[in-house]
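The block underneath contains the structure these notes are about, expressed in structure tokens.
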Amino acid sequence: MIVIVIISILVSFATLTIRSRSPEDLIREEAQRLQQLIQLALEEAVMKNTEYALEFNTNSYRFLKYYDGSWLVISDDHLLHERRLPYEMEVELAIEQIDIIIGEKTDSDTGNNQSDIVNNNEDDKPKPQVFLLSNEEITPEFSAHFFMPGIEVSYFVTGNINGQPEAKLSDL
């Protein structure tokens, strides 16, 4: 009897481990990850007295740091590095309730992966859309909508002037 109980427990753990994550779970995880990373960047901005920003593309987002008069891509940080969204997931950006058209990031857009190198070409320079300030403010107010075509579940990550990012399930 004990052997049967042990085998059934092992089988249930194996089933939970093998079960792949659903698209709904992936969307929720990405939205929560962004919310937590924004909170981390805000805390670092306050502690280091440094300004951070976010740049969104339809299939990725990345954090930037203001240094010596320029926005630099953060690539040497194991948490605030560029994040590519899982296959078929997209993000739409609205700033102060106005939809913003963001492009898709290609491999040729990434340029050099060193954070301290600034490109002289205007097209290659980072273009932040959301600023995470050292006074704990997020400006402008924004909403990032994470979704997958054909999947009904979607999540919004919002940030407002009070510096409290929030991830929530879409009402749609």
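Computed from the coordinates by the stated procedures, all read-outs in this text should not be read as laboratory data. From a predicted model like this one, the values you see are computed outputs, not experimental measurements. Here Cβ is always computed from backbone atoms with ideal geometry, including for glycine, and neighbour counts include all displayed protein chains.
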Inset, instruction - Could you tell me which of rounded, prolate or oblate describes region 23-169, using a ≥ b ≥ c as the square roots of the eigenvalues of the alpha-carbon gyration tensor, with rounded for a/c under 1.5 and, failing that, prolate when a/b is larger than b/c and oblate otherwise? - result: oblate
Inset, instruction - Might you report the magnitude of the Cβ-based charge dipole of region 23-169 about its Cα centre, with Lys and Arg at +1 and Asp and Glu at -1, to the nearest 20 debye? - result: 200
Legend entry - Sorted by Cβ neighbour density within 10 Å, fewest at the top, the residues Arg21, Arg83, Arg62, Arg28: Arg21, Arg83, Arg28, Arg62
Inset, instruction - Would you mind calculating the relative contact order of region 23-169 from Cα pairs under 8 angstrom and at least 6 residues apart, reporting the percent as a whole number? - result: 31
Legend entry - Burial ordering of Asp99, Asp171, fewest other beta-carbon atoms within 10 Å first: Asp171, Asp99
Legend entry - Around Ser143: net Lys/Arg minus Asp/Glu count, Cβ-Cβ under 11 Å: -4
Legend entry - aspartates and glutamates whose Cα lies under 14 Å from that of Lys168, excluding same-chain neighbours fewer than 8 positions away: Glu24, Asp25, Glu29, Glu30
Legend entry - Linear extension gain, Gln36 paired with Thr50, 0.36 nm per residue minus alpha-carbon span: 3.2 nm
Legend entry - Distance between modelled label sites at Asn135 and Asp171, nm, 7 Å Cα→Cβ extension: 3.1
Inset, instruction - With a Förster radius of 25 Å, plug the Cβ-Cβ distance of Glu43 and Glu152 into 1/(1 + (r/R0)^6) and report the FRET value to the nearest 0.05. - result: 0.15
Inset, instruction - Take Met47, Met1, Met148 and order them by how many other Cβ atoms sit within 10 Å, fewest up front. - result: Met1, Met47, Met148
